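Encoded as structure tokens, the structure appears first; notes follow it.
The values are calculated or read from the model by the stated rules, or taken from the named source; none is laboratory data. Every value quoted in this text rests on a predicted model; they were computed, and no experiment measured them. Note that we place each Cβ from the backbone using ideal geometry, even for glycine, and neighbour counts take in every protein chain shown. SASA here: full protein model, heavy atoms, side chains in, ligands and nucleic acids out. Shrake-Rupley method; radii C 1.70, N 1.55, O 1.52, S 1.80 Å.
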Amino acid sequence: MLIHETARTAWRSLAQNRLRTALTALGMIIGVTAVIAVLAIGEGAKASVEGRIRALGSNLLTVRPERAQGAVRSARVETLVRADADAIAELDGVEGVSPESTGTAQVKYREANLSSSIQGVTADFLPLRSLDVASGIGFSPDDDLGRARVAILGANVAYELFGERSAIGERIQIAGNGFTVVGVLGAKGDVGFMSPDDMVLVPLGTHEGVLFGQSYLGAITVKVRSEGESEDVRERIGELLRLRHRLRADAPDDFEIRSQTEMLATMGAITGTFTALLGSVAAVSLLVGGIGIMNIMLVSVRERTREIGVRMAVGARRRDILLQFLVEAVVVSIFGGLVGIFLGWLAAFAIARFGGWETIIPTYAYGLALGVSIAIGIVFGVGPARRASTLDPVEALRQE
Amino acid sequence: MSLAHEPTTGATHTPVVIEELRKIYHADRAELAVRAVDGISFRIERGESVAIVGPSGCGKSTLLHVLGCLDRPTSGRYFLEGRDVAQLDEDDRARARNRHIGFVFQSFNLLPRMDAVENVELPLLYAGQRDTRARALRALERVGLADRAHHRPNELSGGQKQRVAIARALVTEPSIVLGDEPTGALDSRTGREVMELLGRLHAEGTTIVLVTHDLSVARSQDRVIRMRDGKIVGDGPAAAEIEAFVQENAGDFA
């Protein structure tokens, strides 16, 4: 029998029983939808991480304090100080240094109130991070020295507090202290951890002296003159800090130096792992979908035993029967796959639109989804189809 | 396909020649072997119409399955159109059924989801032929059902269903049409109509072999083969064999 006749027969038998076909395909539909949505979220997250690497430039190093091994467990690690930053600034190959301190505090403007990450930074922070104010001005070295009560708001913070109105010159409260907003950062649009959009910047001196009362740094960002010198500079900083912190030769570092690209690559890897994990959960539902198809095909073979006998009596070979049932299974799974692709696309769109996550459906996902659907149809259809094709025609005709 | 050929001189073969045909079933673990067909030989010439009769369990259904290439004999030879089909593999037997055999079943066995013409078309599709629709319509015309071509089986009467089944059996122009109690599921009037149709087809040259225990069906054939316990106990002109059959079974009915 010609293949298009076989396909037509399969289609008719499926169309004959629409509800059952739809339910059979449901497992595939859910599985493919989930796979497409997960891939779209993963790909979107990857793109946003990559975007941030590009925005940061690849010649930034971050020095962070690291708890010395065996030290008392304390909430804050207090090893990096401003003098360390000043010393690093003197090293060869270092173009700029930005000492930073981190804290969290309540930020209020009239009735508006939110908890935000408060970053203490110097005048060098913005240029070093390739950030700029969208309105107002940045900090001056005097703000730092004079512990000026001025603040620069991230775009999201500004919007939450002021809406569409201008924040420049307004008085806000940070942990109960009055501050004047001097600048608002341009929106970076990226999401997640440590986005500048969600920060409030204050002069480092103010951060230490007025708000949090501590003189230890959260991080020192170092800008290296050129990317090629990055490794040398890293070593020099290491030596310098060990010397300054008077570490013995056998003591481990009490700090950690990482490049920004490394950090983001780590984040990218975490994102990738999450995507793979969620993807495999979604893939399990594809497996369940396949088992659903197999189940219904087995029922169908049993129900249609007599039909199989009649077809054999009029000249169907074993392979004609095999092909007929296999094509039926594959048609169901392709149908499920196509619907799933459409729903997955819809889900990715909805997540981006209403969830605020960037989603990108990679082109290979369409091919993958369709290919996997066909493969599942074949893998789970071949058993029932074999069973149909190996029936004894005399027995099959006897079936009621 | 390597086939032994029946010794023959003519250009055309005798449609059916069987020699010493046996079909023996072995029940599970039992020593007992059931000799359903036990050393049968006969030939059927082109254009003959034959009824095989006998009490239930006499092996006539098994014989029909072997004749129809649905089942394989345990031993013996079966030449269908001159080729020994007794030992053919599955695919070749499927091909033999498709080309040389037309089945008419007691319970019609039409596919319920297809209309009449599609049912008739089915053997042609498996034969991989073209122009299947036109040929199927012609076959329906031969059985007088051209106007029911697009009715599904559940929209047809019993007699009409059996006529569709006969059209399906005829559409490939097979060597023989095999009927398994073709009137068994019909009332006597429609049964007679179906037999009239088969008679007409026989008159037009179709070779027909029927298995039946309806003597009026057997009587309308040229020749009757009587079976008992897997063996042939009589083979001759219908009238004489039916007479013998009635004699033989007189005690059973008394």
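Of A:Thr180, A:Thr79, A:Val94, which is farthest on the positive side of the dipole of the range A:79-184, counting Cα position, with +1 on Lys and Arg Cβ, -1 on Asp and Glu Cβ, and the Cα centre as origin?
Going by the Cα projections, it comes out as A:Thr180.
Rounded to the nearest 500, what is the protein assembly as shown's calculated 222 nm mean residue ellipticity when only DSSP H runs of at least 4 contribute -39500 (n - 2.57) each, over all residues?
Numbers: 20 runs with 302 residues, N = 654.
That comes out to -15000 deg cm²/dmol.
Using a 1.4 angstrom probe on protein heavy atoms only, which residues from the range B:22-70 are buried by at least 30 Å² of accessible area when all chains are present rather than their own chain alone?
B:His65, B:Leu70
Please report the buried accessible area for the interface of A with B, total over both chains, probe 1.4 Å, in Å² to the nearest 100.
Values: alone 20590 and 12570 Å², together 30770 Å².
That pair of chains buries around 2400 Å² in total.
Can you say what percent of the DSSP beta bridges in the protein assembly as shown, counting only those with both residues inside, are antiparallel? Round to 5. Numbers along the way, then the final one.
Working: 58 of 83 bridges.
Around 70 percent antiparallel, to the nearest 5.
Do any residues of the range A:317-343 show a loss of at least 40 square angstrom of accessible area between the isolated chain and the full protein assembly, using a 1.4 Å probe, and if so which?
Those residues are A:Arg317, A:Arg318.
Restricting everything to alpha-carbon atoms, can you work out Rg to Rh for the range B:95-210 with a Kirkwood hydrodynamic radius?
On the way: Rg = 12.8 Å, Rh = 13.8 Å.
Radius of gyration relative to Kirkwood radius: 0.93.
Could you please state, rounded to a whole Å, how far the C-alpha centre of the range A:160-238 is from the C-alpha centre of the range A:105-153?
Measuring centre to centre over Cα atoms gives 6 Å.
Between A:Pro384, A:Ala283, A:Pro141, whose Cα lies farthest towards the positive end of the dipole of the protein assembly as shown when Lys and Arg beta carbons carry +1 and Asp and Glu beta carbons carry -1, centred on the Cα centre?
Value: A:Pro384.
Can you pull out the trypsin sites (Lys or Arg not before Pro) in the range A:145-177 whose DSSP state is coil and whose Cβ has at most 11 other Cβ atoms within 10 Å? It would help to have the intermediate numbers written out before the result.
Numbers: sites: A:Arg147, A:Arg149, A:Arg165, A:Arg171; in loops: A:Arg147, A:Arg149, A:Arg165.
Counting only loop positions with at most 11 other Cβ atoms within 10 Å, the trypsin sites (Lys or Arg not before Pro) in the range A:145-177 are A:Arg165.
For the range A:99-139, run through the trypsin sites (Lys or Arg not before Pro) and keep only the ones in DSSP coil with at most 11 other Cβ atoms within 10 Å of their Cβ.
Values: sites: A:Lys108, A:Arg110, A:Arg129; in loops: A:Arg110, A:Arg129.
Answer in residue order: A:Arg110.
For chain B, with the dipole built from +1 on Lys and Arg beta-carbon atoms and -1 on Asp and Glu ones, taken about the Cα centre, which of B:Phe245, B:Ile52, B:Pro112 lies farthest toward the positive end?
The one lying farthest along the dipole's positive direction is B:Pro112.
Going by average Cβ neighbours within 10 Å, how do the peptides A:226-238, B:159-171 rank, with the highest at the top?
Numbers: A:226-238: 15.4, B:159-171: 25.8.
Ranked from most to least packed, the peptides come out as B:159-171, A:226-238.
Rounded to a whole number, what % of the accessible area of the range A:88-197 do carbon and sulfur atoms account for, probe 1.4 Å? Write down the numbers at each step before the final one.
Details: 2500 of 5220 Å².
Carbon-and-sulfur percentage of accessible area, whole number: 48.
Round to a whole number: what % of the accessible area of chain B belongs to carbon and sulfur, probe 1.4 Å?
Details: 5390 of 11370 Å².
Exposed carbon and sulfur together represent 47 percent of the surface.
Suppose every Lys and Arg Cβ carries +1 and every Asp and Glu Cβ carries -1, with no other charges. What dipole size does the protein assembly as shown come out with about its Cα centre, to the nearest 20 debye? Don't skip to the answer; put the middle values down first.
Details: 73 positive and 80 negative charges, 327 e Å.
Magnitude of the dipole: close to 1560 debye.
In Å and from the alpha-carbon atoms only, list the Rg and Dmax of chain A.
31.8, 101
Gaussian network model of chain B, Cα springs within a sub-10 Å range: biggest mean-square fluctuation belongs to which of B:Arg189, B:Arg148, B:Arg228?
Fluctuation is largest for B:Arg189.
Taking every DSSP beta bridge that has both residues in the range B:132-254, what percent is antiparallel when rounded to the nearest 5? Can you show the working numbers first?
Details: 6 of 10 bridges.
Once the DSSP bridges in the range B:132-254 are tallied, antiparallel ones form about 60 percent.
Return the whole-Å distance between the Cα centroid of the range B:195-247 and the Cα centroid of the range A:276-295.
60 Å
Per residue of A:302-314, what is the mean number of Cβ atoms on other protein chains within 10 angstrom of that residue's Cβ?
On the way: counts 0, 0, 2, 0, 4, 6, 0, 3, 10, 7, 7, 17, 20.
Across the residues of A:302-314, the mean count of other-chain Cβ atoms within 10 Å is 6.
Which longest run of chain B has no exposed loop site in it, a site being GluC sites (Glu not before Pro) in a DSSP loop with at most 15 other beta carbons within 10 Å, and the site itself not part of the run? The partial results should precede the final answer.
Values: sites that count: B:Glu31, B:Glu45, B:Glu204.
With GluC sites (Glu not before Pro) excluded where exposed in loops, chain B gives B:46-203 as its longest stretch.
Which lysines, if any, have their Cα less than 20 Å from the Cα of A:Lys46, not counting same-chain residues under 8 positions apart?
Once the sequence-local lysines are set aside, what remains near A:Lys46 is A:Lys188.
Roll a 1.4 angstrom probe over the protein heavy atoms and tell me the percent of accessible area of the range A:266-400 that is carbon or sulfur. Could the numbers behind the result be given before it?
On the way: 4750 of 6560 Å².
Within the range A:266-400, the accessible surface is 72 percent carbon and sulfur.
For the range B:96-142, list whatever residues lose no less than 50 Å² of accessible surface once every protein chain is in place, relative to that chain by itself, with the probe at 1.4 Å.
Buried by the other chains: B:Arg97, B:Asn109, B:Leu111, B:Arg113, B:Leu125, B:Tyr126.
For chain B, with only Lys/Arg (+1) and Asp/Glu (-1) charged at the beta-carbon, what is the dipole magnitude about the Cα centre, in debye rounded to 20?
Values: 33 positive and 37 negative charges, 100 e Å.
Approximately 480 debye in magnitude.
Please identify every one of the GluC sites (Glu not before Pro) in the range A:97-167 that sits in a loop by DSSP and has no more than 16 other beta carbons within 10 Å of its own beta carbon.
Numbers: sites: A:Glu100, A:Glu111, A:Glu160, A:Glu164; in loops: A:Glu111, A:Glu164.
Here the GluC sites (Glu not before Pro) that fit, given the DSSP loop and packing criteria, are A:Glu111, A:Glu164.
Solvent-accessible area per residue for chain A at a 1.4 Å probe radius, Å²? Before the final figure, lay out the partial values.
Working: 19400 Å² over 400 residues.
Each residue of chain A exposes 48 Å² on average to a 1.4 Å probe.
Could you work out the percent of alpha carbon pairs in the range A:135-281 separated by over 22 Å, rounded to a whole number? It would help to have the intermediate numbers written out before the result.
Numbers: 6375 of 10731 pairs.
Tail of P(r) above 22 Å: 59 percent of Cα pairs.
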